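What follows is a single structure, written as structure tokens, with notes after it.
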Amino acid sequence: MDIASVIVAERLQKRFGEFIAVDGVSFTVEEGEVFGFLGPNGAGKTTAMKMIQCVSPKNAGRLLVFDMEVDTHPREIKKLMGVVPQENNLDPDFTVYENLLEYSRYFDISRQDAEKIIDELLDFVQLKEKKDTMTEILSGGMKRRLVLARALINHPQMLILDEPTVGLDPQARHLMWDKLKNLKSQGVTIVLTTHYLEEAAYLCDRLVIMDHGRILVEGKPDELIRKYIGTDIVEAENEPVVIACLEKNDARYEVVGDMVQIYTNDPQKTTDHLLKECTLRKITVRSATLEDVFLKLTGRKLRE
Amino acid sequence: MSYFQIPRLSYRVWKVWLRNKDVFVKTLTLNFLPPFLEPLLYLFALGFGLGMFVENIEGVSYARYIAPALVAVTIMYASFFECTYGSYVRMYYQKTFDAIIATPLSIEDVIAGELLWGATRSCINACIMLPVIAAFGLIELPHSLLIIPFSFLGGLVFASIAMCFTAIIPNINSLTYPTTLFITPMFLFSGTFFPLSALPEPIQYFALALLPLTHVVNIVRALTFADLNQFLIFDLAWLVVASLIFFVLSINLMKKRLVV
């Protein structure tokens, strides 16, 4: 298969004084895919993003974006890229329309072309009727959509999004997801970070889970769930009898507070077995999710 | 990273200048008020009020003596405050620089654009102020028209010095230090409202060696008096050298702050 790698990172490292934020990670992002970076706060996701965006120099390793070195070709790389940063950094001195027009100038887009592109983009992110509004009075969802439109002003081949839906209500979040799916179908490569694991599972073709600056796992969401958890999770109450019974049966389980989670690929059999052999009072079965993988791999301890 | 590494700039510096110009135009009336009103207030209070008690100073009326100082001070204020409070707000609160460097512009381009814009603000304010003062017949024409191009150079010196402070202060309140310890003494002791020669000799040398406003006042005054002398070459050279040094230094300091 002839698929070009849009990003190639080899033993990429970033240090802040003594602290190693990104600790020798290697990954590749292929053209046209949606690639996710997951991880607890401080895992190194945003730092990795900033190195890809050519705004934070790497300390060691190799990083190629569009086959160009980030250290030597930042302008060329940035020309082909759109960025949705974690924090909305819209220009509060300008209206919605002016924000896009100002931004188009940074990419050397002529006024005439810019006006056409901006009309299309305002349609795409459904902000046409807000075009003369100052950005400060937009709602959170509108601001986010405007940042997305701004990132698309140069028709980027790759879009980088750092927590694109943080703080949005479900409607706004779904609208954002629609837009990203739409862009993917147009062939745009998308790299994103998120704390919402259902978002990652829904959007990402492939993802990595990072912690302490390293990549713990890499793969497709479904495959990761099956590999690390199984198809389903049976939840029972955390009681000594239950634990004893599970130990006897060699079950794969984890204790979470006052609950026990049993990983399984055959929930019917597991449930029957548990109900029959162990005297269980309450039991629930649910599908395993990416969140289960995430918590299993990164632990439940609070960060920061 | 060296403090005096020559920045690699591109034509895109101009785009940052344009961005600031666009904001300025949006609030034009507001921006016109200070340089229009301030010389009137100072001229009435000091020139014509206090001036009543001053026979003359170096052979000219007091109003005529301080008129060039008012222009020099506005050159200083316009770019200094643009590149301290203005730039700091854009950098830290509005994240405007972050947004711009996600495009083909580099941080060097952004800071250079800010500095050139700061100098332009000095130029604009001088342009607004000159007709006001000229209306009182306090300046010689056409010599005084040379103040317009000169105000860009003068502005660039203060913009670059301001940007150095902006690059090293921990928070916006700390800008009180350079304002109170540097700008205010300069406002008073640079031959603005009384001749430098009235000060003890060591202070005169200090002002000539280290206070950029002294040189700006010398040049502007020579132009409004239409009385050019060879010492102005020294003033001009001082300002050119200072603007080059601080222009490069401020960009490197900003890189140190922002590129992590």
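The values are calculated or read from the model by the stated rules, or taken from the named source; none is laboratory data. The shown structure was predicted, so the numbers you read here are calculated from the model rather than taken from an experiment. Cβ sites come from the backbone with ideal geometry, for glycine too, and all protein chains shown count toward neighbours. When the accessible area is computed, the model is the full protein with side chains, heavy atoms only, and any ligands, DNA or RNA have been set aside. Shrake-Rupley method; radii C 1.70, N 1.55, O 1.52, S 1.80 Å.
Below 11 angstrom from the Cβ of B:Y65, what's the summed charge of the other residues (Lys, Arg +1; Asp, Glu -1)?
+1
Enumerate the whole-percent occupancy of each 20 Å bin, from 0 to the last occupied one, for all C-alpha pair distances of chain A.
With 20 Å bins starting at 0, P(r) equals 30, 49, 19, 2.
Using alpha carbons only, how many degrees (0 to 90, rounded to 10) separate the axis of helix B:13-26 from the longest principal axis of chain B?
Once rounded, the angle reads 60 degrees.
Could you tell me what percent of the accessible area of the protein assembly as shown is made up of carbon and sulfur, with a 1.4 Å probe and every protein chain present?
Details: 15060 of 25630 Å².
Whole-percent figure for carbon plus sulfur exposure: 59.
Give the distance, in whole Å, between the Cα centre of region B:1-74 and the Cα centre of region A:268-283.
83
Rounded to the nearest 100 Å², what is the buried accessible area between A and B, both sides summed, probe 1.4 Å?
That pair hides around 2300 Å² of surface in total.
For A:S110 and A:Q86 in one chain, what is 0.36 nm times their gap in residues minus the Cα-Cα distance, to one decimal in nm? Before the final figure, lay out the partial values.
Details: separation 24, 0.36 × 24 = 8.64 nm, distance 2.84 nm.
Length difference between fully extended and current span is 5.8 nm.
Using the Cα atoms as the points, what is the convex hull volume per residue of chain B in Å³? Display every interim value, and only then the final one.
On the way: hull volume 35.2 nm³, N = 260.
Considering the Cα atoms of chain B, their hull volume per residue is 136 Å³.
Write out the GluC sites (Glu not before Pro) in region B:30-135 meeting two conditions: DSSP loop, and at most 12 other Cβ atoms within 10 Å of their Cβ.
Within region B:30-135, the qualifying GluC sites (Glu not before Pro) (loop, at most 12 other Cβ atoms within 10 Å) are B:E55, B:E58.
Can you tell me, using C-alpha contacts under 8 Å and at least 6 residues apart, the relative contact order of region A:48-124 as a whole percent?
RCO, region A:48-124: 18 percent.
Given a 1.4 Å probe, how much area per residue of the protein assembly as shown is accessible, in Å²?
45
Rounding to the nearest 10 and keeping the result within 0 to 90°, find how far the Cα-based axis of helix A:170-185 lies from the longest principal axis of chain A.
Around 70 degrees separate the two axes.
Rounding to the nearest 10 and keeping the result within 0 to 90°, find how far the Cα-based axis of helix B:147-168 lies from the longest principal axis of chain B.
50
Name the residue, out of A:G17, A:G219, A:G140, whose mean-square fluctuation peaks in a Gaussian network model built on chain A with Cα pairs under 10 Å.
A:G17
Between A:D250, A:D292, A:D178, find the one with the highest GNM mean-square fluctuation for chain A; connect C-alpha pairs within less than 10 Å.
A:D250
Compute all pairwise cysteine Cβ distances in the protein assembly as shown, then list the cysteines with no distance under 4.7 Å to another cysteine.
So, A:C54, A:C204, B:C83, B:C123, B:C127, B:C164.
Only counting protein heavy atoms at a 1.4 Å probe, give the residues of region B:245-260, ordered by number, whose accessible area falls by 20 Å² or more when the other protein chains are present relative to the chain alone.
Residues meeting the cut-off: B:V259, B:V260.
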